[in-house]
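The values are calculated or read from the model by the stated rules, or taken from the named source; none is laboratory data. The structure presented is a predicted model; accordingly, all values stated were derived computationally and were not measured. Positions of Cβ are generated from backbone atoms using ideal geometry, with glycine treated the same way; all protein chains shown enter the neighbour counts.
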Amino acid sequence: MSNPYQGFSGESGNQFGGVGGYGGYDYRDAAGYGHQLPGSYGYQQSGSYGEHQPGAWSGNPPGGAPAQPIDAMDIVGQSFKGYLKQPVSGMLAMLVHLIISFALLFVPGTVLGGVFAAMEESGTDIEPLVPTVGIPLMVVMGLAAFAYLFWLMANLFNGSRKIADGEKVTFRDYFRFGQLNGCAGVYACFFIVVMLGSIAGGFPGLILYGLLWPAPVIKADNPDKPLMDCFREALDLIMENLGQSLLFILVCSLISSLLVFIPIVGFLAAYPIWALGMVLFTRAMQRRPAARWE
């Protein structure tokens with residue numbers, strides 16, 4: 001039997017294997033004999049814990065060698081390598097997303113402000129319009145902006161999921177609609193929970209963020225998984241890998257924040273790299289296969 005933790009190394013980056021501790025694992029049949037398909041380079045026959053199989057276990061392979069420990073810094077490095085193999089689609093998508101976001105935030109307010117200014121110059125009393133038109137419009141704009149944020153994050157996870165699978169990502173992968181409603185909904189719940197924790201005192205929000213951040217990624221990888229199961233699995237994975245998960249989220253968030261200060265290019269690359277890192281680390285905690293890049 002070949003070593004289930006030995007992956008194929010190639011320039012394309014489409015490899016699944018155990019250098020970083022989140023590679024492939026061998027399929028074991030009912031008799032307990034493991035094997036890998038010839039030429040599969042780490043793709044495993046689907047089974048109760050095979051590739052893309054929902055509910056993959058997060059511990060050691062049953063009856064196999066102990067899983068290699070997760071290396072947070074290695075996954076941060078892989079996030080950059082994987083993204084830089086095909087950065088154009090993600091950067092263009094982020095540029096379009098930002099343009100749409102600014103349009104949602106500023107165009108309605110600018111138009112309304114211009115109308116109010118023109119009415120005021122003509123001698124019309126605009127004060128009665130503030131509570132009846134101005135405030136409701138601001139609320140609608142805010143809700144639209146948040147809804148777009150949730151959809152944007154779902155698209156980033158969708159594109160990152162394809163990169164993690166070793167596939168070629170396209171601009172269209174960052175602009176999916178109906179099929180990402182579930183992931184956007186999970187991210188919305190995650191965002192609301194973290195915000196409520198932050199309002200309650202700041203520190204609870206940070207704790208909730210650190211414990212639940214894999215939930216949207218889990219939903220992106222498994223769209224049929226119920227919402228509460230996504231959060232339950234996220235909490236279990238984090239508690240099993242608490243030290244490395246905290247190190248990863250701190251380092252990845254810090255580097256992404258620093259990238260934002262690089263004019264134009266840095267801002268467009270920061271969020272896709274951050275999203276890819278979250279996908280790779282979540283798969284590492286699940287002991288599921290993910291591509292590696294040299």
Does the range 155-212 hold any residues that are surrounded by 19 or more Cβ atoms within 10 Å (Cβ to Cβ), among the hydrophobic types (A, V, I, L, M, F, W, C) and either over 20 Å from ILE249 (Cα atoms) or within 14 Å of the chain's Cα centre (by Cα) (or both), and which are they? LEU156, PHE157, ILE163, ALA164, VAL169, LEU180, CYS183, ALA184, VAL186, PHE190, LEU212
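If I ask for residues that are part of a helix (DSSP H, G or I) and surrounded by 11 or more Cβ atoms within 10 Å (Cβ to Cβ), which ones from the range 118-129 would you list? Let's see the steps before the verdict.
The initial filter retains those residues of the range 118-129 that are part of a helix (DSSP H, G or I), namely 118-121, 129.
Passing the criteria: ALA118, MET119, GLU120, LEU129.
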For the range 206-234, give me each residue that is closer than 17 Å to LEU280 by Cβ, touching a Pro at 6+ places or on another chain (Cβ under 8 Å) and at pLDDT below 95. ASN222
Determine which member of the set ALA284, ALA269, ALA291 is touching a residue at least 12 places away in the same chain (Cβ under 8 Å) and touching a strand residue (DSSP E or B) at 6+ places or on another chain (Cβ under 9 Å). ALA291
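Restricting attention to the range 69-117, and to residues there that are out of contact with any Lys or Arg (no Cβ under 7 Å at 6 or more places or on another chain) and of a type in the set (S, T, N, Q), which single residue is surrounded by the fewest Cβ atoms within 10 Å (Cβ to Cβ)? Full working, then the answer.
In the first step, residues of the range 69-117 are kept if they are out of contact with any Lys or Arg (no Cβ under 7 Å at 6 or more places or on another chain); the result is 69-77, 79-85, 87-117.
Filter once more, so that each one left must be of a type in the set (S, T, N, Q): 79, 89, 101, 110.
Numbers: SER79: 28, SER89: 19, SER101: 15, THR110: 10.
Ranking the qualifying residues of the range 69-117, first place goes to THR110.
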Has the range 173-184 got any residue that is basic (Lys, Arg) and in contact (Cβ under 8 Å) with a residue 40 or more places away in the chain? no
Which of (1) touching a Lys or Arg at 6+ places or on another chain (Cβ under 6 Å); (2) at pLDDT 95 or above is the odd one out, the single condition CYS189 does not satisfy? (1)
Residues located in the range 95-139, provided they are closer than 30 Å to VAL265 by Cβ, touching a residue at least 24 places away in the same chain (Cβ under 8 Å) and more than 29 Å from the chain's Cα centre (by Cα): PRO108, GLY109
Can you confirm whether the range 214-227 contains a residue that is of a type in the set (A, V, I, L, M, F, W, C), over 15 Å from MET153 (Cβ atoms) and crowded, with 18+ Cβ neighbours inside 10 Å? no
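Could you identify the single residue in ASP165, ASP224 that is in contact (Cβ under 8 Å) with a residue 60 or more places away in the chain and out of contact with any helix residue (DSSP H, G or I) (no Cβ under 9 Å at 6 or more places or on another chain)? Let's see the steps before the verdict.
Values: ASP224 fails: out of contact with any helix residue (DSSP H, G or I) (no Cβ under 9 Å at 6 or more places or on another chain).
Of ASP165, ASP224, the one residue that is in contact (Cβ under 8 Å) with a residue 60 or more places away in the chain and out of contact with any helix residue (DSSP H, G or I) (no Cβ under 9 Å at 6 or more places or on another chain) is ASP165.
Could you look through the range 254-275, keep only residues that are under 15 Å from the mean Cα position of the chain (by Cα) and either aliphatic (A, V, I, L, M) or exposed (fewer than 15 other Cβ atoms within 10 Å of the Cβ) (or both), and pick out the one that is nearest to GLN78 (Cα to Cα)?
As a first pass, look at the range 254-275 and keep what is under 15 Å from the mean Cα position of the chain (by Cα): 256, 269-275.
Now restrict to residues that are either aliphatic (A, V, I, L, M) or exposed (fewer than 15 other Cβ atoms within 10 Å of the Cβ) (or both): 269-270, 273, 275.
Working: ALA269: 15, ALA270: 14, ILE273: 10, ALA275: 12 Å.
Looking at residues that are under 15 Å from the mean Cα position of the chain (by Cα) and either aliphatic (A, V, I, L, M) or exposed (fewer than 15 other Cβ atoms within 10 Å of the Cβ) (or both), I get ILE273.
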